[in-house]
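Asks: What follows is a structure written as structure tokens; I'll ask about it next.
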Amino acid sequence: YATAYAGADIENSTVSHHDALGSSGGQGGGGLFFGYGAYGYIPNSTISGNTAPNGVGGGIATYTIESSPTLELDSVTITQNSADRTGGIDSDTFATVRIENTIVAQNTANDAAPDVAGTFDSNGSNFIGDGGSATGFDTSDMVGNSSAPLDAMLAPLGDNGGPTLTHHPMGGSPVIDVSASTSNFRDQRDVPRPLDGDGGGDPAAVRDIG
């Protein structure tokens, strides 16, 4: 997995099938780990199938001790990651995690936070399968809970065009043509946004989440 202490920009990329084998504390982040004041910017990317079986943050972990990391996610899909604690994104105390137009769903964990944990700074149009006790999401976000988790209806990771693997939303997916985001005019595949994803015809061309 990737560890960032100074910072990292990860764009139009897929982070998949990595493992973090640490036991506790900062020893997490199956896909990505941001700690100690690092700054990270991740647009148009997929984080899928990573694990932290003995730690926290199967997809992404942040960790604060002497200085706090800042992480910005825009149009990212975080799914099918697993961990002992928090399968998707763990936002540690005092970390800043800004999130926009991003899917965090269908992750798994042994604790009560399969998708997200901690405090987030939402810029809107996010799809969170199970928000658990996480805070910071707003009324433009779709957030499920443990009793009624939301299903993004994503196809398996595969070649959907472009240089990297992605999860294509299946027909009827609630993430299609619903985003109010105006950032990132091309998606991870380098396809222009918005695109009419549900076949409704113009003016139904609206951005997808993720």
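The values are calculated or read from the model by the stated rules, or taken from the named source; none is laboratory data. Fair warning: this is a prediction, and the values are worked out from it, not measured in the lab. Cβ placement follows ideal geometry from the backbone for every residue including glycine, while neighbour counts extend to all protein chains displayed. Just so you know, the surface numbers come from the protein's heavy atoms only, side chains and all, with ligands and any DNA or RNA stripped out. Shrake-Rupley method; radii C 1.70, N 1.55, O 1.52, S 1.80 Å.
Asks: Suppose we filter region 30-48 for residues that are over 12 Å from the mean Cα position of the chain (by Cα) and not in a strand (DSSP E or B); how many remain?
Replies: Looking only at that region, the number is 4.
Asks: A further question on this structure: When you go through (1) modelled with pLDDT under 95; (2) closer than 20 Å to M142 by Cβ; (3) exposed (fewer than 15 other Cβ atoms within 10 Å of the Cβ) one by one for R193, which number turns out not to apply?
Replies: Every listed condition holds for R193 apart from (3).
Asks: Provide a single number: the residues in region 143-174 that are crowded, with 19+ Cβ neighbours inside 10 Å and either closer than 15 Å to N107 by Cβ or in contact with a His (Cβ under 6 Å, 6 or more places away or on another chain) (or both).
Replies: Total satisfying the criteria: 6.
Asks: Oh, and also: Would you mind telling me which numbered condition in (1) at pLDDT 95 or above; (2) over 17 Å from G58 (Cα atoms) G131 fails?
Replies: Exception for G131: condition (2).
Asks: Restricted to region 83-106, and to residues that are over 10 Å from the mean Cα position of the chain (by Cα) and under 27 Å from R193 (Cα atoms), which residue is surrounded by the most Cβ atoms within 10 Å (Cβ to Cβ)?
Replies: Filtering region 83-106 down to residues over 10 Å from the mean Cα position of the chain (by Cα) leaves 83-87, 90-98, 106.
Still in the list and also under 27 Å from R193 (Cα atoms): 97-98, 106.
Values: V97: 25, R98: 16, Q106: 23.
If we take residues in region 83-106 being over 10 Å from the mean Cα position of the chain (by Cα) and under 27 Å from R193 (Cα atoms), then V97 is surrounded by the most Cβ atoms within 10 Å (Cβ to Cβ).
Asks: If you don't mind, another one. Please determine, by comparing only the residues of region 111-127 that are of a type outside the set (A, V, I, L, M, F, W, C) and not in a loop (DSSP other than H, G, I, E, B), which one is most open to solvent (accessible area, probe 1.4 Å).
Replies: Quick first cut of region 111-127, residues of a type outside the set (A, V, I, L, M, F, W, C) only: 111, 114-115, 118-119, 121-126.
From what is left, the residues that are not in a loop (DSSP other than H, G, I, E, B) are 118-119, 121-122.
Details: G118: 27, T119: 85, D121: 65, S122: 19 Å².
Across region 111-127, the extreme among qualifying residues is T119.
Asks: Can you tell me which of (1) over 20 Å from G31 (Cβ atoms); (2) under 16 Å from the mean Cα position of the chain (by Cα); (3) modelled with pLDDT of 95 or more is the one S181 doesn't meet?
Replies: Checking S181 against (1) over 20 Å from G31 (Cβ atoms); (2) under 16 Å from the mean Cα position of the chain (by Cα); (3) modelled with pLDDT of 95 or more, the one that fails is (3).
Asks: Now for a separate question. Among (1) within 18 Å of D74 (Cα to Cα); (2) of a type in the set (S, T, Y); (3) surrounded by fewer than 16 Cβ atoms within 10 Å (Cβ to Cβ), which single condition is S133 missing?
Replies: (1) is the only condition that S133 fails.
Asks: Given the conditions (1) within 25 Å of P194 (Cβ to Cβ); (2) part of a loop (DSSP other than H, G, I, E, B); (3) of a type outside the set (S, T, N, Q); (4) under 13 Å from the mean Cα position of the chain (by Cα), which single one is not true for D130?
Replies: (1)
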